[in-house]
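The values are calculated or read from the model by the stated rules, or taken from the named source; none is laboratory data. In this text the structure is predicted, and so the values were computed from the model without any measurement. Positions of Cβ are backbone-derived with ideal geometry, glycine not excepted, and every protein chain shown enters the neighbour counts. What goes into the accessible areas is simple: the full protein's heavy atoms, side chains included, and nothing from ligands, DNA or RNA. Shrake-Rupley method; radii C 1.70, N 1.55, O 1.52, S 1.80 Å.
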Amino acid sequence: MGSPAVTGVVHLGLGAFHRAHQACVFDQLIQQGDKRWGVFGVAMHNPDVLAALKTQGWQYAVQVASAHASNWQTISAIQDGCVAALERQRVVDKLASADTRWVTLTVTEKGYDSALAQLLLEGFAARFAQLGVSSAARLTVASCDNLSHNGDSLRNLCLNTLMHTNQDSALKNLGDITQLHAWIEKHCFFSNTMVDRIVPQSSAACLSAARDALGVEDKIALSTESFWEWVIEDKLADSSDVLVLQSVGVQVVSDVQPFEEAKLCMLNASHSALAAMGAVLGLSNIADCMATSPLRNFAHRFMTEDIAPFVRRPQLDAYRDALLERFANPALQHRALQICSDNSLKLPLRWLPTYTANRIANQMPAHLAFATACWIRFLQGIDESGNAYKWSDPLANHLQALVHQNWGDDQLCVLSLLQITSIWGEAPSKDLAWVELVSRHLHAIRTQGLLQALHDLLETTP
Ligand code: CS2
């Protein structure tokens with residue numbers, strides 16, 4: 001089909017997830033002959049992926065793998081790009097370009113900060129200056145990170161940052177702030193989206209499989225599953241995109257929330273629980289966890305009993321069973337410690353809604369209490385065979401220090417962690433029955449080992 005001439009999408013964040021999810025969708029659209037979906041890929045800081053893309057002629061391989069099959073696809077949707085920290089003006093120019101119709105983002109939970117907003121605002125201001133109020137100026141801005149109401153959050157972040165900008169700030173290029181505010185409200189369509197595909201970080205095994213299968217060196221090859229979902233709110237700058245996206249399997253819906261809620265509270269929540277358990281048990285990846293039947297049973301019951309009654313996606317039993325199968329995919333080396341990274345930002349979105357919904361209904365989410373105790377045990381940083389591990393989290397040192405300080409006094413340990421309101425809000429640390437239950441589980445895990453404690457939980461809860 002040849003290369004498309006136009007980079008109509010600016011994507012921020014060139015991690016594995018983008019390259020094996022949205023980039024594959026855009027690639028398919030390009031292959032169907034719609035040349036508007038080439039991606040200008042912006043790495044926020046790290047230049048490595050871009051450097052590899054350049055030397056590989058803007059191509060990389062994605063292995064779609066299960067226990068029974070493996071096939072390789074070559075993705076060439078990303079056509080050009082730059083590193084934001086090094087070439088900020090190129091990002092701004094690209095955001096202002098009339099060719100650009102979409103902005104997509106995968107900058108992770110911790111990327112939604114004022115620095116991101118400032119970059120986007122400069123781009124929007126340049127676009128306003130260049131394209132004015134014509135319909136060509138309209139832009140779909142689609143956050144593809146695992147945040148609740150990701151589009152609304154990004155919009156609020158941008159508009160709040162703009163309103164707090166004053167003349168002395170670093171943002172000198174925004175022009176009249178009131179006019180820019182009105183322009184953004186009218187021209188930028190911040191759609192909420194739900195994105196799903198399990199994409200582990202690349203590994204040496206994946207790169208060598210790529211070498212064997214393709215006979216070429218690919219420094220950024222990835223492995224993933226065949227399943228993918230992308231559900232986008234029907235709030236697009238160009239409404240004719242709806243049919244275009246649907247033609248390759250993207251769902252466009254009026255309300256993303258039931259999808260997003262099920263994704264975060266069923267998939268991501270049980271992922272985080274399994275990952276914490278796996279790390280403590282010395283299991284390296286999620287498929288290993290799923291091959292350990294008490295952990296698989298736990299995930300099944302956590303989703304069925306604690307979570308499903310409070311989420312609204314249709315056919316939840318089938319959704320849950322499909323998730324369990326996906327987690328068990330032995331071809332995905334999805335490391336427990338990768339999933340545990342940034343837990344202090346993930347757990348509020350993944351676990352807290354289930355706690356809150358259960359407690360409002362006067363119920364006790366027994367499996368979530370156990371998962372919470374596992375998370376606390378995880379923070380010790382040493383598995384049950386005595387091997388130390390590390391993970392990345394902006395609060396890692398603080399959390400680990402609290403656990404070490406209070407280890408041995410289960411209630412104090414639990415309280416000290418539940419009192420971190422940026423993770424748990426106000427309620428859980430004041431909920432005596434909850435503190436008591438989590439402490440009891442922590443005691444059991446600490447004194448009998450995680451598997452015995454889990455066995456007791458699965459035996460005693462109905
Ligand atoms: C995972 C997600 O790393 C993690 O925290 O739970 O990346 C998960 O694999 C994706 O959201 C699946 O779509």
Inspect all residues belonging to the stretch 208-223 and state whether any of them is touching a helix residue (DSSP H, G or I) at 6+ places or on another chain (Cβ under 6 Å) and within 16 Å of the ligand (Cβ to nearest atom). yes
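Tell me, which residue of the stretch 301-345 that is of a type in the set (D, E, K, R) and within 12 Å of the ligand (Cβ to nearest atom) is nearest to the chain's Cα centre (by Cα)?
Here is the first cut: in the stretch 301-345, the residues of a type in the set (D, E, K, R) are 301, 305-306, 312-313, 317, 320-321, 325-326, 335, 342.
Okay, now just the ones that are also within 12 Å of the ligand (Cβ to nearest atom), so 326, 335, 342.
On the way: ARG326: 17, ARG335: 15, ASP342: 10 Å.
Per the criteria, the residue is ASP342.
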Could you list, ordered by first residue, the pairs with Cβ atoms under 6 Å in which the first is in the stretch 397-419 and touching a residue at least 40 places away in the same chain (Cβ under 8 Å) and the second is open to solvent by 50 Å² or more (accessible area, probe 1.4 Å), at least 6 apart or interchain? none
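Go through the stretch 290-324 and give me each residue that's acidic (Asp, Glu) and open to solvent by 10 Å² or more (accessible area, probe 1.4 Å). It would help to see each step written out before you state the result.
Initially, the stretch 290-324 is screened for residues acidic (Asp, Glu), giving 305-306, 317, 321.
The answer is GLU305, ASP317, ASP321.
I need the full set of residues from the stretch 381-408 which are among the β-branched types (Val, Ile, Thr) and either open to solvent by less than 30 Å² (accessible area, probe 1.4 Å) or over 27 Å from the mean Cα position of the chain (by Cα) (or both), in order please. Explain how you work it out, then say what you get.
Going through the stretch 381-408, the residues among the β-branched types (Val, Ile, Thr) turn out to be 382, 403.
Of everything in the stretch 381-408, just one residue is among the β-branched types (Val, Ile, Thr) and either open to solvent by less than 30 Å² (accessible area, probe 1.4 Å) or over 27 Å from the mean Cα position of the chain (by Cα) (or both), namely VAL403.
Quick one: would you say PHE378 is within 16 Å of the ligand (Cβ to nearest atom), open to solvent by less than 20 Å² (accessible area, probe 1.4 Å), modelled with pLDDT of 95 or more and of a type outside the set (Ser, Thr, Tyr)?
On the way: within 16 Å of the ligand (Cβ to nearest atom): yes; open to solvent by less than 20 Å² (accessible area, probe 1.4 Å): yes; modelled with pLDDT of 95 or more: yes; of a type outside the set (Ser, Thr, Tyr): yes.
Yes: the conditions hold for PHE378.
Please determine whether any residue of the stretch 141-164 is surrounded by fewer than 15 Cβ atoms within 10 Å (Cβ to Cβ) and in a loop (DSSP other than H, G, I, E, B). Break it down into steps so the answer makes sense when it comes.
Filtering the stretch 141-164 for residues surrounded by fewer than 15 Cβ atoms within 10 Å (Cβ to Cβ) gives 156, 160, 163-164.
Applying the additional criterion that residues be in a loop (DSSP other than H, G, I, E, B) yields 164.
Scanning the stretch 141-164 turns up at least one residue that is surrounded by fewer than 15 Cβ atoms within 10 Å (Cβ to Cβ) and in a loop (DSSP other than H, G, I, E, B).
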Among (1) away from the ligand (no atom under 13 Å from the Cβ); (2) in contact (Cβ under 8 Å) with a residue 40 or more places away in the chain, which single condition is ALA182 missing? (2)
Quick one: is ALA182 assigned to a helix (DSSP H, G or I), modelled with pLDDT under 95 and either farther than 23 Å from ASN268 by Cβ or assigned by TED's automatic domain parsing to the domain that holds TRP351 (or both)? no
Scan the stretch 241-294 for residues that are under 24 Å from ASP152 (Cβ atoms), away from the ligand (no atom under 16 Å from the Cβ) and in a loop (DSSP other than H, G, I, E, B) and report the count. 2
Within the stretch 420-438, how many residues are part of a helix (DSSP H, G or I) and free of Cβ contacts under 8 Å to residues at least 40 places away in the same chain? 6
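Tell me the residue from GLU109, GLU87 that is without any contact (Cβ under 8 Å) to a residue 40 or more places away in the chain and either assigned by TED's automatic domain parsing to the domain that holds ALA287 or acidic (Asp, Glu) (or both), please.
Values: GLU109 fails: without any contact (Cβ under 8 Å) to a residue 40 or more places away in the chain.
Going through GLU109, GLU87 in turn, just one is without any contact (Cβ under 8 Å) to a residue 40 or more places away in the chain and either assigned by TED's automatic domain parsing to the domain that holds ALA287 or acidic (Asp, Glu) (or both): GLU87.
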Of all residues in the stretch 245-289, how many are of a type in the set (Gly, Ala, Ser), in contact (Cβ under 8 Å) with a residue 60 or more places away in the chain and open to solvent by less than 30 Å² (accessible area, probe 1.4 Å)? 6
Would you check if ASP27 is open to solvent by less than 20 Å² (accessible area, probe 1.4 Å), in the same structural domain as LEU245 (by TED's automatic domain parsing) and among the charged types (D, E, K, R)? yes
Scan the stretch 178-227 for residues that are more than 30 Å from GLY57 (Cβ to Cβ) and aliphatic (A, V, I, L, M) and report the count. 4
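Conditions tested, residue by residue: (1) in a strand (DSSP E or B); (2) within 16 Å of the ligand (Cβ to nearest atom); (3) out of contact with any Phe, Trp or Tyr (no Cβ under 8 Å at 6 or more places or on another chain).
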{"residue": "GLY8", "(1), (2), (3)": "yes, no, no"}
{"residue": "LEU14", "(1), (2), (3)": "no, yes, yes"}
{"residue": "LEU29", "(1), (2), (3)": "no, no, no"}
{"residue": "GLY41", "(1), (2), (3)": "yes, no, yes"}
{"residue": "TRP58", "(1), (2), (3)": "no, no, yes"}
{"residue": "ASP93", "(1), (2), (3)": "no, no, yes"}
{"residue": "ALA98", "(1), (2), (3)": "no, no, yes"}
Examine the stretch 150-167 for a residue that is within 16 Å of the ligand (Cβ to nearest atom), under 30 Å from VAL62 (Cα atoms) and in contact (Cβ under 8 Å) with a residue 12 or more places away in the chain, and state whether such a residue exists. yes
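Restricting to the stretch 62-91, name every residue that is closer than 19 Å to LEU29 by Cβ, part of a strand (DSSP E or B) and not β-branched (Val, Ile, Thr). Walk me through it before giving the result.
Taking the stretch 62-91 first, the residues closer than 19 Å to LEU29 by Cβ are 62, 64, 73-81.
Checking the rest, the ones that are also part of a strand (DSSP E or B) come to 62, 64, 73-75, 78-81.
Once the filter is applied, which keeps residues that are closer than 19 Å to LEU29 by Cβ, part of a strand (DSSP E or B) and not β-branched (Val, Ile, Thr), the stretch 62-91 yields GLN73, GLN79, ASP80, GLY81.
How many residues does the stretch 194-207 hold that are assigned to a helix (DSSP H, G or I), among the small types (Gly, Ala, Ser) and within 16 Å of the ligand (Cβ to nearest atom)?
So the answer is 0.
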Based on what the data block shows, is ASP99 among the acidic types (Asp, Glu) and closer than 23 Å to ALA125 by Cα? yes
Considering the stretch 231-244 alone, what residues qualify as being closer than 18 Å to ARG197 by Cβ and in contact (Cβ under 8 Å) with a residue 40 or more places away in the chain? ILE232
Mind counting the residues in the stretch 440-452 that are over 15 Å from TYR355 (Cβ atoms) and open to solvent by 10 Å² or more (accessible area, probe 1.4 Å)? 9
Which condition number in (1) open to solvent by 10 Å² or more (accessible area, probe 1.4 Å); (2) within 30 Å of LEU349 (Cα to Cα); (3) away from the ligand (no atom under 16 Å from the Cβ) is the one that PHE124 fails? (1)
